1. Filter the stretch 52-66 down to residues that are in a loop (DSSP other than H, G, I, E, B) and in contact (Cβ under 8 Å) with a residue 40 or more places away in the chain, then give me how many there are.
2. Step by step: first the residues of the stretch 118-133, then only those that are in a helix (DSSP H, G or I) and either under 15 Å from the mean Cα position of the chain (by Cα) or modelled with pLDDT of 95 or more (or both), then the one that is surrounded by the fewest Cβ atoms within 10 Å (Cβ to Cβ). Which residue is that?
3. Checking residue 139 against (1) at pLDDT 85 or above; (2) surrounded by 15 or more Cβ atoms within 10 Å (Cβ to Cβ); (3) over 21 Å from residue 66 (Cα atoms), which single condition isn't satisfied?
4. Can you find a residue that is under 25 Å from residue 48 (Cα atoms) and touching a residue at least 24 places away in the same chain (Cβ under 8 Å) anywhere in the stretch 117-129?
5. Assess whether residue 32 counts as being touching a helix residue (DSSP H, G or I) at 6+ places or on another chain (Cβ under 7 Å), closer than 30 Å to residue 4 by Cβ and assigned to a helix (DSSP H, G or I).
6. Within the stretch 108-117, restricting attention to residues that are touching a helix residue (DSSP H, G or I) at 6+ places or on another chain (Cβ under 6 Å) and either surrounded by 15 or more Cβ atoms within 10 Å (Cβ to Cβ) or in a loop (DSSP other than H, G, I, E, B) (or both), which residue is modelled with the lowest pLDDT?
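The values are calculated or read from the model by the stated rules, or taken from the named source; none is laboratory data. Owing to the predicted nature of the structure, the values given are computational and were not obtained by experimental measurement. As a convention, Cβ positions derive from the backbone with ideal geometry for all residues, glycine included, and neighbour counts pool all protein chains shown.
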């Protein structure tokens, strides 16, 4: 029954991925990585990605410096979250260790840039999404610089934002935090789905 309920969503994502032609849709490494982490519902003996084309996209779109993100414009926020998401997706499936290593080298060498980046250029929800992604990386044993000083202000901003919006309210009222809930544990997704845009 669960697989039958998921099939329309799977078909919709496949159609969206097929429509990603040059110039038509701007693919986001971050979003692609999250889709790449979706396991096949039937799983079998070993978990496999439901959308292997997303994994292939990640493999094919790593930048020469080991990062993922916009090649035309360097933003530390963009590159860090995209790179970590792609490393996490590849690590989840135990794929492409050399690409993961290049991504991790980029993260280790450039983490300081987060402290130098203008707060005003931080994407909406970054302070929620990035720490959640870091926790996912930790759970997978990814060699990330978890204690780097540049992360302290991001964690502080996250705590301030989460204290402003009680967790129960997230389930009842549409708030800006709905745009960055991926990876957050202990949420009631059935209740959150009632708040989605139509």
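1. The initial filter retains those residues of the stretch 52-66 that are in a loop (DSSP other than H, G, I, E, B), namely 61-66.
Applying the additional criterion that residues be in contact (Cβ under 8 Å) with a residue 40 or more places away in the chain yields 62, 65-66.
Number satisfying all stated conditions: 3.
2. This residue is 132.
3. All conditions pass for residue 139, except number (2).
4. So in the stretch 117-129, the residues under 25 Å from residue 48 (Cα atoms) come out as 129.
Add one more test, that the residue is touching a residue at least 24 places away in the same chain (Cβ under 8 Å), and what stays is 129.
Taking every residue of the stretch 117-129 in turn, at least one turns out to be under 25 Å from residue 48 (Cα atoms) and touching a residue at least 24 places away in the same chain (Cβ under 8 Å).
5. On the way: touching a helix residue (DSSP H, G or I) at 6+ places or on another chain (Cβ under 7 Å): yes; closer than 30 Å to residue 4 by Cβ: yes; assigned to a helix (DSSP H, G or I): yes.
Considered against the rule, which asks whether it is touching a helix residue (DSSP H, G or I) at 6+ places or on another chain (Cβ under 7 Å), closer than 30 Å to residue 4 by Cβ and assigned to a helix (DSSP H, G or I), residue 32 comes out as yes.
6. From the stretch 108-117, those touching a helix residue (DSSP H, G or I) at 6+ places or on another chain (Cβ under 6 Å) are 111-115, 117; that's our starting set.
Within this subset, residues satisfying the condition of being either surrounded by 15 or more Cβ atoms within 10 Å (Cβ to Cβ) or in a loop (DSSP other than H, G, I, E, B) (or both) are 111-114, 117.
Values: 111: 96, 112: 96, 113: 96, 114: 95, 117: 90.
Looking at the filtered set, the residue picked out is 117.
Residue-by-condition table, conditions (1) assigned to a loop (DSSP other than H, G, I, E, B); (2) surrounded by fewer than 18 Cβ atoms within 10 Å (Cβ to Cβ); (3) free of Cβ contacts under 8 Å to residues at least 12 places away in the same chain:
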site	(1), (2), (3)
82	no, no, no
85	no, no, no
98	no, yes, yes
105	no, yes, no
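To keep it simple, each residue is scored yes or no on (1) loosely packed, with under 10 Cβ neighbours inside 10 Å; (2) modelled with pLDDT under 80; (3) at positive phi.
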residue	(1), (2), (3)
4	yes, yes, no
17	no, yes, no
20	no, yes, no
50	no, no, no
55	no, no, no
67	no, no, no
